[in-house]
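Report on the following structure.
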Amino acid sequence: KKTKYFDCKISERILANLSFKLTKCQNRVLSEINLDLKSKTRMFRILQGDVGSGKTIVSLISIADVIESNYQCALMAPTEILAKQHFILAKEIFSETKIEIEFLTGKTELKQRKKIIEKLKNGEVDLIIGTHSLFQKKINFKNLGLAVIDEQHKFGVRQRSELAKKGGNNCDVLLMSA
């Protein structure tokens, strides 16, 4: 695996703009994830915590760091409702950045779907958020560096690995579970 290089410029700006401060535990986990991302070994980590404990914010900050190192990221959730919540939060958190975010589910209309798939393949999308649609054969990334899978227990082992495979050996994996 190629090591990812970033100096946390984007994530520090995002953290400074949040209406709250991360907890000690959230900061520690973020540091551990960053060490994994910058290492030559592929990260395969599970982030576990109660509902509302901040797993999503931690994953989005990690995503910002991976995007800073010129990789694309995918955030997959088991339901359209949860994926949409993540999309809305990501849009809000990344509003002051140039990060390009798209949303893709089985309900995305065909014309829009084709446009998103093309942009993903060309590297014009930094972060794709969606449901099972993300690991379908038609979905190809230019440079997937991190696959984040929320409520990972609701996906099969094969489904989780299908998404990660789209980034080859450079794709780190972060699973989230309550």
Equivalent ellipsoid dimensions for the range 91-178 as semi-axes, Å, which come from the Cα gyration tensor, largest first: 20, 16, 14
Calculated SAXS-style log₁₀ I(q)/I(0) at q = 0.17, 0.22 Å⁻¹ - the range 34-94, Debye, Cα scatterers: -0.66, -1.07
Entries in Lys24/Lys119; Lys40/Lys111; Lys1/Lys107; Lys1/Lys137 that, when Cα-Cα distance is taken, lie over 32 Å: Lys24/Lys119; Lys40/Lys111; Lys1/Lys107
Centroid-to-centroid separation of the range 26-42 and the range 115-131 [C-alpha atoms, Å]: 25
At most 11 other Cβ within 10 Å, DSSP loop - trypsin sites (Lys or Arg not before Pro), the range 88-119: Lys98, Lys107
Simple label model, 7 Å out from Cα along Cβ direction - Lys40 to Glu109, nm: 5.1
HN-Hα J in Hz across the range 153-165 - Karplus 6.51, -1.76, 1.60, θ = phi - 60°, x for Gly and Pro: 5, 8, 10, x, 4, 5, 4, 5, 6, 4, 5, 4, 4
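If you average 1/r across every pair of different Cα atoms in the range 59-130 and take the reciprocal, what Kirkwood value do you get, in Å? Intermediate values should be presented prior to the final figure.
On the way: mean 1/r = 0.0807 Å⁻¹.
About 12.4 Å, per the Kirkwood formula over Cα pairs.
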Mean accessible surface per residue for the chain, computed with a 1.4 Å probe while every protein chain stays in place, in Å²: 52
Along each principal axis, Cα extent of the chain, largest first, Å: 43, 33, 32
Estimated FRET transfer efficiency (Ser161, Phe20; beta-carbon r; R0 25 Å; 0.05): 0.10
Area of Glu118 that stays accessible when all protein chains are in place (1.4 Å probe, Å², to 10): 80
Coordinate range along principal axes, alpha carbons of the range 1-82, Å, largest first: 33, 30, 21
Val148 long-range amide H proximity, modeled H, under 5 Å: Ala74, Leu75, Met76, Leu174
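The values are calculated or read from the model by the stated rules, or taken from the named source; none is laboratory data. Keep in mind that this is a model prediction, so the values were computed, not measured. Every residue, glycine as well, gets a Cβ built from its backbone with ideal geometry; the counts of neighbours run over all protein chains shown. SASA here: full protein model, heavy atoms, side chains in, ligands and nucleic acids out. Shrake-Rupley method; radii C 1.70, N 1.55, O 1.52, S 1.80 Å.
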